[in-house]
Amino acid sequence: MLVLDITVVTVALPRIQHDLSFSRPGLAWVVNGYVLMAGGLLLLLGGRLADLFGRRRLFGIGVLVLGLASAASGAAVSSSMLVTSRFVQGTGEALAGPAALGMIPVLFPDSRERMKALGVWGGLAGLGGTLGSVISGALTGLASWRWIFCLNIPVVLFALLMVPRVLSESRMVRAGHRIDVPGALTATGGLVAIVYGLLQAASHPWDSWPVLLPLLGGVGLLLIAVVVEARAPEPLIPLRFFTNRTRVTSNVLSLALLAAFIGYVFLLTLYQQQVLGYSPYAGDQIRHGVPPAVAQTHGYALSFRIGAAVLAVAGVLALVLLEHVTATLRTPVAEVPSGPQPAALSVMNSGLTDRN
C-alpha cells in the first residue's frame, strides 16, 4: 500500500486534471507532493521516531494519517485540496514505512529468516508499485479516479485492527533521545523548493525570478542541512555515510533510475490519453502488464542466487538493448509494447537496492 500510492495516481492524472482544473505544472504536484514527503528526510525522521517511541505506535499513527489523507484525496473538490492531501499522505508514509520495516527483525530474529523476509518485503513493495498503475487504469476507466484513493481505507482499517493483536511493541534502546528536526526540515524543504523551481521553468524563462529564487533557495536550504548534519549530536544522515563508495554509488544510480522511470511514466500517461486518445485502462495495458510485475517479484530472489552486481548489470544491458531495438523499429510508437523496458528497470532496481 505504501509504495502503491506512488504509482496508483499516474494513469488517473488526465482525468484528475480535467475534473479539478489543474494547470500542467500544478498536475505534477499530485505525484511530487507524496514522493517528496515520503522519500525525503522526513522518512529518516520517521525511522528515528519509531526507534525512540515504539515501532508499533508510529506505524499505527502513520497508517491512520495515511488513511485520513486518502479519504480527503478521494473527496477533493479543488486542486489545492488534493495536493495538500497528497503531502499529508506522504507524511503518513514517512512515519509508517520505516516503522513497518523495523518490525521485521522483531518478527524474524533468525538472520536467515530475516533476509528472506526482507526479500519478500522488497518484492512485494516493487510489485505493489508496478500493479498500482494497473489497478488505477481499471478503476479510472470503469468507475472514477476517486476510487484509487479509497483503496487505502479498508487496508488501513485492517492494519489498525490486526497489528496490535499480532505484534508487541518494540523500540531501540539508545543512550540519547535527540531528534534531528532541523535536519529533516531543511533537507526536505530544500528538495521541495528545487522541484518547485524546476516546474516554474515550464512557464517562465530560466533566468527569471520565479525560477531562480526557489532554485537558489532550495540549494541554500540543502547547504544548511549539510551544516546541521555535521554539527548535530545525533544526525539523521551522518556524513560518514558518504564515505562508503558502494553505498553512495548504488544510491546515486537508484536516484537516477527512479527519476527516469517516474518521469517516463508521467509523460507517457499524458501522451497516450491526451494525444493518442486511449482510455485509461487501454493506455495502462500498453505501458505495463505482466513483464515488469514478474521481473520485480523475482528480482530480489535472483539477487541472492546470482549476486546483486550481476543482476544490476544484466538489467542495464537489457534496458540498453531494448531501447536500441525500440529506436530502430519503424512501428508507430502507439503500437510498440513498452512493458519490457519497465521490466528491465525492475531487474536493475532489484540489484541496486540489494547493494544498499
- Enumerate the calculated ³J(HN,Hα) couplings along region 180-191 in order (Karplus 6.51 cos²θ - 1.76 cosθ + 1.60, θ = phi - 60°), each rounded to whole Hz, writing x wherever the residue is Gly or Pro. 7, 5, x, x, 5, 5, 5, 5, 5, x, x, 5
- Counting only heavy atoms of the protein chains, get the accessible area per residue of region 63-105 (1.4 Å probe) and round it to a whole Å² value. 31 Å²
- Task: Grab the other residues whose beta carbon is less than 12 angstrom from that of L44, score K and R as +1, D and E as -1, and report the net.
- Result: -3
- Let me know the shape class of region 175-217, please: from the alpha-carbon gyration tensor, a ≥ b ≥ c as square roots of the eigenvalues, rounded when a/c is under 1.5, otherwise prolate if a/b is greater than b/c, or oblate. prolate
- W147 versus I104: modelled label distance in nm, points set 7 Å from Cα along the beta carbon direction: 3.3 nm
- Query: Which order, highest average first, do 235-243, 4-12 follow once you tally other Cβ atoms within 10 Å for each residue and take the mean per peptide?
  - Reply: 4-12, 235-243
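The values are calculated or read from the model by the stated rules, or taken from the named source; none is laboratory data. Remember, it's a predicted structure, so these values are computed and weren't measured experimentally. We place every Cβ from the backbone using ideal geometry, glycine too, and count neighbours over all the protein chains shown. Surface areas here come from the heavy atoms of the whole protein model, side chains and all, with no ligands, DNA or RNA. Shrake-Rupley method; radii C 1.70, N 1.55, O 1.52, S 1.80 Å.
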